[in-house]
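Novice: Below you will find the structure I want to go over with you.
The values are calculated or read from the model by the stated rules, or taken from the named source; none is laboratory data. Note that the structure is predicted; figures quoted are calculated from it, not measured. Ideal geometry is used to build each Cβ from the backbone, glycine not excepted, and the neighbour counts take in all protein chains shown. Please note that ligands, DNA and RNA were not included when accessible areas were found on the heavy atoms of the full protein model with its side chains. Shrake-Rupley method; radii C 1.70, N 1.55, O 1.52, S 1.80 Å.
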Amino acid sequence: MGQLCGRCMQLLRDFVGFVQKMSSDLVQGIKECLTLISKCSCLKQNSSKNRQLYKPILQPHERVTAQEFLQHIETDFEMSPLGKDPLEALRTLSFSENPGLQQSAALYYLHMSQHTNIPLPVEHLEPFYALLSSADLEVQQMSSLSLVNFLLEGNIDKELVVQMGLLEPVLDLLESEDPTVQCNSCACIMTLAVSESNREAIGAARGITPLLSLAKSYDPRVQQNAVGAILNLTQSEKIQQVLCKEGALPVLALLLESPDSEVQYYSCAALSNLAANVKHHKALLRPSDRFLLQTLISLLSSSVDKVSSQACVCLRNLAISADIQAEMVAENALPKLCSLLASGSEDVRHASIALLWILSQHPPNQDTLACAELLQSLGMLLVAHKTDPVIVGHTACIIKNLSLSKNRQRITESRCVEGLLRTILLTDTQEDSLRYVTSCLAELAKQEGAMLHMVQWMDEPLTKHLVRLAGQLEYPEPSFHAASIIQHMISHEKMMILWKHHIGEIQAYLKNFLTHQEVRFQQLGISTFCRLRADLDFSLAFRESQMAKLLDQVRQQTEETQELLRAAMCHEDS
């Protein structure tokens, strides 16, 4: 046979190309046709059958069981929905190779989980294992959802679920390509990860990696539940190490920028738990990458209260070192925190004031924090929430820290002093916040300008309360600080008039101070006595109450103590 010429060769190539194009169009046409047929409603009822390469044989005993189960549903469901007879039937249906029977069992459990509120007996966990391990998608969807419902309602013991081996099929379902199954299985893990033993079991079963993968899902339901599960797992210090090793930190940090506020909250809360452990700070705050710090500060402006609140908590946990605190201030966190102090959410106010307290402890930050805007916000906060111990206590500590800076005048000019004084009248003696308030006011009273400003706000109720506070014996710190405030105000004419209404109470607490075991109380008592004695009314009252005799006893004790000390020191020298 001769060789084809060039023209014939070209004709042959064109023919082959034509056939290939026709084949491609034909295949595409077949695909489109089958797709349209599969979407038709006429095939919906038999969808489960179409997924099978063969039709499973319905065994005789399965047919009988199905009939009896149907009869139970029609007659005895209300009486014993989870009795012995339905259990045996559910067992048979669950372990059947027929997906229709498995679907019946899964649907029964789903109905139970949604419409009844009774505990699921432990015997029913065995059928659940079979249903969760089923190859049928509808069975997976229904059984995983019913398990979530039982767990959320507290109708099944969470640790028992793990002990009975259900964790394995649930973790397998995380690998499903179906978003509904992914969502339900993540929700299962999230509800199971509330106990330490379960968290460790999830970590040991290598459940971290698929969760981190699903945390990047484009399905918001899947992503929420995956990040929620990770959040619960971060409550375990042991699992925290596994999470960091598996690369959870960059995943969680990126999720802070999610458009879903629920995902933002879960990821921020998870990072807060990790930040509570100083061991993770190096990984969280790499010098070359301040993305996390900057993102958290930006979240302070979130319109969702729980997100901004959790951002404050995370920043507070990270603000261990002075360098990080200084960086937060440099990143303009202060104006955002001032705005949060006026929030209508109690959690937001508490979280923001706690972070400001941490920042105020670093001396280089104090001048920046002692700005008119913050002090004005603190003053308004005290006036508006004078009975909130968290607000009162933290604000008092912040003001005391800032009073040590060179900007004390700004504190005096703000409403902070007024707010602190008013809280004394409304705070219970046993509250720790009262100790912080009196300590702050005692520190301010040492400064002439601040003391004069305090005097302007003093009236009879405040004076009476201060004297009574100094006289109570159960809580020594508020007593000492109240007496210190009184001592610094004595020389002012207005205050002397007010003190004279309480000569008896003042004498009583001075006697207690002079006989107190702590030297600082004795010294404060003596100093106050000397200043009050310059007034004729107090001097007369002191003579009548034999205060001089008590002072002489203190002097004798002091001299005896000095003699003993000299003797001890001479013996030591020799």
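Novice: ³J(HN,Hα) across region 271-281 via Karplus (A = 6.51, B = -1.76, C = 1.60, θ = phi - 60°), whole Hz, x for Gly/Pro?
Specialist: Residue by residue, region 271-281 yields 5, 4, 5, 5, 6, 5, 9, 4, 4, 8, 4 Hz.
Novice: Further question on the same structure: Please identify every one of the chymotrypsin sites (Phe, Trp or Tyr not before Pro) in region 128-229 that sits in a loop by DSSP and has no more than 14 other beta carbons within 10 Å of its own beta carbon.
Specialist: Tyr218
Novice: Another question, then. Output the Cα-based Rg and Dmax of region 220-263 in Å, rounding Rg to one decimal and Dmax to a whole number.
Specialist: In order Rg, Dmax, the Cα atoms of region 220-263 give 10.6, 31 Å.
Novice: Once the Cα atoms of region 286-368 are picked out, what are the Rg and Dmax in Å?
Specialist: Expressed in Å, the Cα Rg and Dmax of region 286-368 come to 11.8, 37.
Novice: Quick one: the Cα spread of region 157-245 along its three principal axes, in angstroms, biggest first?
Specialist: Answer, in whole Å and largest first: 30, 28, 17 Å.
Novice: Still on this structure: At a Förster radius of 35 Å, what calculated FRET efficiency corresponds to the Cβ-Cβ distance of Leu404 and Lys464, to the nearest 0.05?
Specialist: 0.70
Novice: Could you check how many percent of all C-alpha pairs in region 333-415 are farther apart than 14 Å?
Specialist: 57
Novice: Okay, moving on. Using 0.36 nm times the number of residues separating Asp260 and Gln472, minus their current alpha carbon distance, what extension gain do you get? Intermediate values should be presented prior to the final figure.
Specialist: Details: separation 212, 0.36 × 212 = 76.32 nm, distance 5.35 nm.
Extending this stretch completely gives an extra 71.0 nm.
Novice: Sort out for me the Cα centre separation of region 447-474 from region 110-171, rounded to whole Å.
Specialist: Going from one Cα centre to the other spans 64 Å.
Novice: Throw me the Rg/Rh for region 495-548, computed over C-alpha atoms with Kirkwood Rh, two decimals.
Specialist: Result for region 495-548 is an Rg/Rh of 0.95.
Novice: Something else now. Apply the Karplus parameterisation 6.51 cos²θ - 1.76 cosθ + 1.60, with θ equal to phi minus 60°, to every residue of region 140-154 and state each ³J(HN,Hα) to the nearest whole Hz, in sequence, with x for glycine and proline.
Specialist: Each residue's phi maps through the Karplus curve to give 4, 5, 5, 5, 5, 5, 5, 5, 4, 4, 4, 5, 5, 7, x Hz.
Novice: Turning to a different aspect of this structure: Any idea how far apart Ile320 and Cys5 come out in nm if each label point goes 7 Å out from Cα toward Cβ?
Specialist: Label-label distance for Ile320 and Cys5, simple model: 8.9 nm.
Novice: Taking each pair of different alpha-carbon atoms in region 366-454 once, compute 1/r for the pair, average those values, and report the inverse of that mean as the Kirkwood hydrodynamic radius in Å to one decimal.
Specialist: When all Cα pairs of region 366-454 are included, the Kirkwood radius is 12.5 Å.
Novice: I've got another one for you. By how many nm would the segment from His501 to Val329 grow when fully extended, if each residue of separation counts as 0.36 nm and the alpha-carbon distance is taken off? Mind showing how you got there, number by number?
Specialist: Values: separation 172, 0.36 × 172 = 61.92 nm, distance 4.80 nm.
The span from His501 to Val329 would gain 57.1 nm if fully extended.
Novice: Suppose the chain between Ser301 and Thr209 were pulled fully straight at 0.36 nm per residue; how much longer would it get relative to their current alpha carbon spacing?
Specialist: 29.9 nm
Novice: What percent of all Cα-Cα pairs in region 97-204 falls into each 5 Å bin, going from 0 up to the bin containing the maximum distance?
Specialist: 2, 14, 26, 26, 21, 8, 2, 0
Novice: Using a Förster distance of 45 angstrom, determine the FRET efficiency expected from the C-beta separation of Val519 and Glu246, and round it to 0.05.
Specialist: Once rounded, the FRET efficiency stands at 0.20.
Novice: Can you give me the % of accessible surface on region 363-503 that is carbon or sulfur? Probe 1.4 Å, all protein chains present, nothing else counted.
Specialist: For region 363-503, the apolar C and S fraction of the accessible surface comes to 52 percent.
Novice: Here is a follow-up. Where in region 422-488 are there trypsin sites (Lys or Arg not before Pro) that are in a DSSP coil and have at most 14 other Cβ atoms within 10 angstrom of their Cβ?
Specialist: Sparse-neighbourhood loop trypsin sites (Lys or Arg not before Pro): Lys446.
Novice: Also, quick follow-up: Quote the convex hull volume per residue of region 426-545, based on C-alpha atoms, as a whole number of Å³.
Specialist: 97
Novice: In addition: For region 258-315, what does the convex hull of the Cα positions come to per residue, in cubic angstrom?
Specialist: On the way: hull volume 4.0 nm³, N = 58.
Spelled out: Cα convex hull of region 258-315, divided by residues, is 70 Å³.
Novice: Once the Cβ-Cβ distance between Ala534 and Leu425 is put in as r, and R0 is 30 Å, what FRET efficiency do you end up with, to the nearest 0.05?
Specialist: My answer for the efficiency is 0.55.
Novice: Per residue, what accessible area does region 412-473 have, given a 1.4 Å probe and all protein chains present, in Å²?
Specialist: Computed with neighbouring chains in place, this is 41 Å² per residue.
Novice: Compute the separation of the alpha-carbon centres of region 181-216 and region 499-514 and state it in Å as a whole number.
Specialist: Taking the Cα centre of each part, region 181-216 and region 499-514 sit 65 Å apart.
Novice: What translational diffusion coefficient, to the nearest whole µm²/s, does region 110-151 have by Stokes-Einstein, given a Kirkwood radius computed over alpha-carbon pairs, a temperature of 4 °C and 1.567 mPa s viscosity?
Specialist: Working: Rh = 10.5 Å.
Translational D for this selection: 123 µm²/s.
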